[in-house]
Amino acid sequence: MQHWDLLTIDASRGTRDPFVLHQDDGARAVLVVLTPGQELGTHQVKENAWVAVAEGTVQVVCGDERLEVGAGGLMRFEPGERHSVSSAEGARILMLLSPWPGEGHFPE
């Protein structure tokens with residue numbers, strides 16, 4: 001068994017320092033600490049993406065939908081679904097990407 005305390009892992013440089021918790025052919029788990037005012041701008045991934053808020057609050061934009069999601073919240077995005085995640089006050093988010101890597105993630 002593997003175990004992580006998402007509230008104590010040091011990823012203090014925000015989006016420039018994501019912490020890969022685990023990666024195999026099935027999935028990739030990444031912790032991102034958003035510093036106040038920081039964002040993961042509008043983007044998309046090739047995988048199914050689950051984003052869980054471990055601490056703080058994030059603002060999420062996906063298409064015409066805008067949500068404010070606090071600790072304990074979980075979102076799921078389809079492969080290729082464009083979205084952005086930001087935090088005015090700072091947050092810790094866990095991203096699960098599956099399968100890893102998704103088809104077309106790495107150019108041939």
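The values are calculated or read from the model by the stated rules, or taken from the named source; none is laboratory data. Keep in mind it's a predicted model, so treat the numbers as computed, not measured. Cβ atoms come from the backbone with ideal geometry, glycine included; neighbour counts cover every protein chain shown. For the accessible areas, the whole protein counts, side chains as well, though only heavy atoms, and no ligand, DNA or RNA atoms are used. Shrake-Rupley method; radii C 1.70, N 1.55, O 1.52, S 1.80 Å.
Laid out as a table, the results:
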{"item": "Heavy-atom SASA rank of Asp10, Asp24 (probe 1.4 Å, accessible area, largest first)", "result": "Asp10, Asp24"}
{"item": "Highest-MSF residue in the chain out of Gly41, Gly63, Gly73 [GNM, Cα springs under 10 Å]", "result": "Gly63"}
{"item": "Farthest toward positive dipole pole in region 15-108 [+1 Lys/Arg, -1 Asp/Glu at C-beta], among Ala91, Gly72, Gln23", "result": "Ala91"}
{"item": "Label assignment, Rg and Dmax of the Cα atoms in Å derived from the structure, set [x] 13.4, 40; [y] 14.1, 47; [z] 17.8, 58", "result": "[x]"}
{"item": "Top of Ser87, Ser12, Ser98 by mean-square fluctuation, Gaussian network on the chain, Cα under 10 Å", "result": "Ser12"}
{"item": "Heavy-atom surface of region 1-95, accessible at 1.4 Å and reported per residue (Å²)", "result": "58 Å²"}
{"item": "Carbon plus sulfur fraction of accessible area for region 50-108, probe 1.4 Å, in percent", "result": "51 percent"}
{"item": "Two-site label geometry, Leu7 and His22: point separation in nm, points 7 Å out along Cα→Cβ", "result": "2.1 nm"}
{"item": "Sparse-neighbourhood loop sites, GluC sites (Glu not before Pro) in region 1-102 - DSSP loop, at most 14 other Cβ within 10 angstrom", "result": "Glu81, Glu89"}
{"item": "Accessible area of Arg13 in the full protein assembly, 1.4 Å probe (Å², nearest 10)", "result": "130 Å²"}
